[in-house]
Amino acid sequence: MSSKNFQTKLLDLQSNLLNFAYMLTSNRDDAYDLLQDTTLKVLDNEDKYVDNVNFKGWVFTIMRNIFINNYRKVVRSATIIDQTEDLYHLNLPQDSGIDNPEGSFAAQEITAAINSFSDDYRIPFSMHVAGYKYNEIAEKMNLPLGTVKSRIFFARQRLQTMLADYNN
C-alpha cells in the first residue's frame, strides 16, 4: 500500500478512533490524547503494516494496547513501596475518617442505613462486610448460596441508593 493511501485510510478512521478512545477513557481530553498517541504510533509503524491484514483492526489494536500500557504505567506509579526500617509507613494507623466530625457523621449515617434493613438483608450484609464468605453465611443462616448472594447484592444496591448524596 502506498504511503498516501495509508495516510488517507488512517484519516478516514479518525472519528471512529475518537469514539473508541472516548469509550476507553471516559474523558474527552484523555480520548484526544489517546487518539494522538495512536495516530503517531500508526504512522511510525507504517512499514510494519502488511497489506493482507485488516487495517481498521490493526489500528484499533494499537489504540487498545496503548491504553492498556498507559493504564498499567499509572497503576505502577501509584503503588507505594515502603522501604523504611521496620516498615514504618505500613504500620502507621490508616485514616478511617472517623476521627473528624464529617467522617463520624458519615459512619453514623451508614450504620443507621444498614440497621434500617430487615433482618433478611441486614444480617447477611453485615456478615459479608465483617469478612465472612458467602458459603459461610449460607451455612450459618441455613439458606441457599444464591439467596445469600442476592440478598447481599440487593442490600448493597439499596445502601448505594440511600447514600447517593455521598457520591457527589
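The values are calculated or read from the model by the stated rules, or taken from the named source; none is laboratory data. Source: prediction; values computed, not measured. Every residue, glycine as well, gets a Cβ built from its backbone with ideal geometry; the counts of neighbours run over all protein chains shown. Please note that ligands, DNA and RNA were not included when accessible areas were found on the heavy atoms of the full protein model with its side chains. Shrake-Rupley method; radii C 1.70, N 1.55, O 1.52, S 1.80 Å.
This table checks each residue for (1) open to solvent by less than 100 Å² (accessible area, probe 1.4 Å); (2) in contact (Cβ under 8 Å) with a residue 40 or more places away in the chain; (3) charged (D, E, K, R).
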| position | (1), (2), (3) |
| --- | --- |
| ILE123 | yes, no, no |
| HIS128 | yes, no, no |
| LYS133 | no, no, yes |
| GLU136 | yes, no, yes |
| LYS140 | no, no, yes |
| LEU145 | yes, no, no |
| PHE154 | no, no, no |
| LEU159 | yes, yes, no |
| LEU163 | yes, yes, no |
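So is GLY103 under 25 Å from the mean Cα position of the chain (by Cα), on the phi > 0 side of the Ramachandran plot and at pLDDT below 55 or not? No: the conditions fail for GLY103.
Evaluate the following for LEU90: is it open to solvent by 50 Å² or more (accessible area, probe 1.4 Å) and at pLDDT below 80? When the stated conditions are applied, LEU90 passes them.
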